[in-house]
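The values are calculated or read from the model by the stated rules, or taken from the named source; none is laboratory data. Predicted, not measured: the structure shown is a model, and the values here were computed from it. Here the Cβ positions follow ideal geometry from the backbone for every residue, glycine too, while neighbour counts run over all protein chains shown. Areas reflect the complete protein model, heavy atoms only, side chains present, ligands, DNA and RNA absent. Shrake-Rupley method; radii C 1.70, N 1.55, O 1.52, S 1.80 Å.
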Amino acid sequence: MEIEELNRTLSKLSDSEREYRDGATFDWSRYGDEVVAVVNGRQVMQLKGWSFANWSSAVGTGRGRAPIALDNELYIRRHSRFNPMPEHVHSYVEMSYVYRGSCPQVVNSEEVLLRENQVLLLDSNCPHAIGSLGEQDIMVSICLQPSFLSRCLEETREGDDWLGDFLISSLSERSDHNRYVRFHSQRNNRVRRIFQELLCEYLEPSSHADKIILRLFQLLIAELMNVYESDYVRREQESSAAGVSVVSVVRYIQEHFLTCTLEGVAERFFVSPNYLSALLKKKTGRTYLQLVQDQKLAHAADLLATGSATVEDAAHAVGYENMSFFYRKFRSAYGCPPAEWRRRASGRAQVGDRL
């Protein structure tokens, strides 16, 4: 499917949308399995399982169907226009994307206006309502099993990426977002391109659609983490009295782990060493020395995995002169001695070459 056809498909009014535009109403009680009390005793509709497939606007082209292997983990739908959805909850995670126009929502009692090319990630069982969309508004949602999203988040990490762990933890907890995250990706062209490719493959699947959709979704998650990281840095700088972003600090340590010192990093970010040490421990759960050591071991593991260095070479390359200390720390971090790690990595590479 080409982008022009995707635009036509998403823009075309369905029969039900024409009826809603002309004044028809939808009986939502048919799809509420039960009414439950949530959030200050309010009664909201409970959707169970994948029942939304019955009332979502059809977006298929008629020449294919969604890849069956992802049916129980990922489902994409387009929201009906002219048909507001009352407050409801469901057990799956929902990622909504405004393809065109805007979409007003009320999420956990807060009004949220989702703008074009922005993404809203809703936690499972988060109460929300969707306002009426106009004819020029298009919003699609990717509905996900929580376990599937967790796996995709984990797979965006590269090796022992403690910064990735930190961001994923912040994103997963969502404690400061009232169980939702809005990604301010309105100026991010890569997010739009990924969504377009994902929708094209979903609506007109190829013979390898399962793998393509999975990889595109993982790529989308990685790009959204970039957007989230930029937002996180901005919020930290605005809220911190010292104007220090933990993400910026750990990125700097990641790039200069061989030469940086606590005093040098503190001077670079215009804070005292004691303040920086306390900030890192509070935000990441790791001390400055632990963060540096983690990065040294991760770099040594990468050198061993490529097969280009002996254990001694890898240890010396990252600043370890005491081999007993290096062996002990490496085994504690990776669950096996450095030589065993190198052998396993070599075996994985040989298997990959045969595929």
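So that you can scan it fast, the table gives a plain yes or no per residue for (1) in contact with a Leu (Cβ under 8 Å, 6 or more places away or on another chain); (2) buried (at least 17 other Cβ atoms within 10 Å of the Cβ); (3) closer than 30 Å to Gln186 by Cβ:
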position	(1), (2), (3)
Tyr228	yes, yes, yes
Arg251	yes, no, yes
Gln254	yes, yes, yes
Arg268	no, no, no
Leu279	no, yes, no
Asp294	no, yes, no
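Of everything in the stretch 91-104 that's open to solvent by 10 Å² or more (accessible area, probe 1.4 Å) and in a strand (DSSP E or B), which residue is farthest from Gln43 (Cα to Cα)? Show your work before the answer.
Kept after step one, since they are open to solvent by 10 Å² or more (accessible area, probe 1.4 Å), are these residues of the stretch 91-104: 91, 100-102, 104.
Applying the additional criterion that residues be in a strand (DSSP E or B) yields 100, 102, 104.
Details: Arg100: 32, Ser102: 27, Pro104: 21 Å.
Once the filter is applied, the top-ranked residue is Arg100.
Okay, residues lined up against (1) part of a helix (DSSP H, G or I); (2) in contact with a strand residue (DSSP E or B) (Cβ under 8 Å, 6 or more places away or on another chain); (3) under 20 Å from Ser11 (Cα atoms):
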| site | (1), (2), (3) |
| --- | --- |
| Arg193 | yes, no, yes |
| Gln196 | yes, no, yes |
| Glu201 | yes, no, yes |
| Ser207 | no, no, no |
| Leu220 | yes, no, no |
| Met225 | yes, no, no |
| Arg234 | yes, no, no |
remark   = For Asn274, the lone unmet condition from (1) touching a Phe, Trp or Tyr at 6+ places or on another chain (Cβ under 7 Å); (2) surrounded by fewer than 14 Cβ atoms within 10 Å (Cβ to Cβ) is (1)
key: The one condition in (1) on the phi < 0 side of the Ramachandran plot; (2) at pLDDT below 80 that Ser245 fails to fulfil   = (2)
Candidate set from the stretch 315-326 (those that are more than 34 Å from the chain's Cα centre (by Cα) and open to solvent by 40 Å² or more (accessible area, probe 1.4 Å)); member that is farthest from His256 (Cα to Cα) = Ser324
ask   = Across the stretch 302-314, what is the number of residues that are buried (at least 21 other Cβ atoms within 10 Å of the Cβ) and within 20 Å of Ile253 (Cβ to Cβ)?
value = 1
message = So Ala53 ticks every box in (1) modelled with pLDDT of 65 or more; (2) out of contact with any helix residue (DSSP H, G or I) (no Cβ under 6 Å at 6 or more places or on another chain) but one. Which box is left unticked?
response = (1)
inquiry  = I want to confirm something. Restricting to the stretch 91-127 and keeping residues that are modelled with pLDDT of 95 or more and of a type in the set (Gly, Ala, Ser), which single residue is nearest to the chain's Cα centre (by Cα)?
reply    = Ser96
remark   = Residues in the stretch 260-293 that are in a loop (DSSP other than H, G, I, E, B) and over 25 Å from the mean Cα position of the chain (by Cα) total 7
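How about the stretch 178-208: which of its residues are hydrophobic (A, V, I, L, M, F, W, C) and either open to solvent by 40 Å² or more (accessible area, probe 1.4 Å) or at pLDDT below 90 (or both)?
Let us first name the residues in the stretch 178-208 that are hydrophobic (A, V, I, L, M, F, W, C), namely 181, 183, 191, 194-195, 198-200, 203.
Listed by number, the list holds a single entry, Val181.
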inquiry  = For the stretch 64-90: of the residues being more than 14 Å from Leu199 (Cα to Cα), in a loop (DSSP other than H, G, I, E, B) and at pLDDT below 85, which is most open to solvent (accessible area, probe 1.4 Å)?
reply    = Asn72
request  = Tell me which residues, restricted to the stretch 119-137, are touching a Lys or Arg at 6+ places or on another chain (Cβ under 9 Å), crowded, with 22+ Cβ neighbours inside 10 Å and either more than 18 Å from Met45 (Cα to Cα) or among the β-branched types (Val, Ile, Thr) (or both).
outcome  = Val119, Leu121, Leu133
query = In the stretch 105-135, which residues are more than 25 Å from Asn189 (Cβ to Cβ), hydrophobic (A, V, I, L, M, F, W, C) and assigned to a strand (DSSP E or B)?
reply = Val106, Val107, Ala129, Ile130
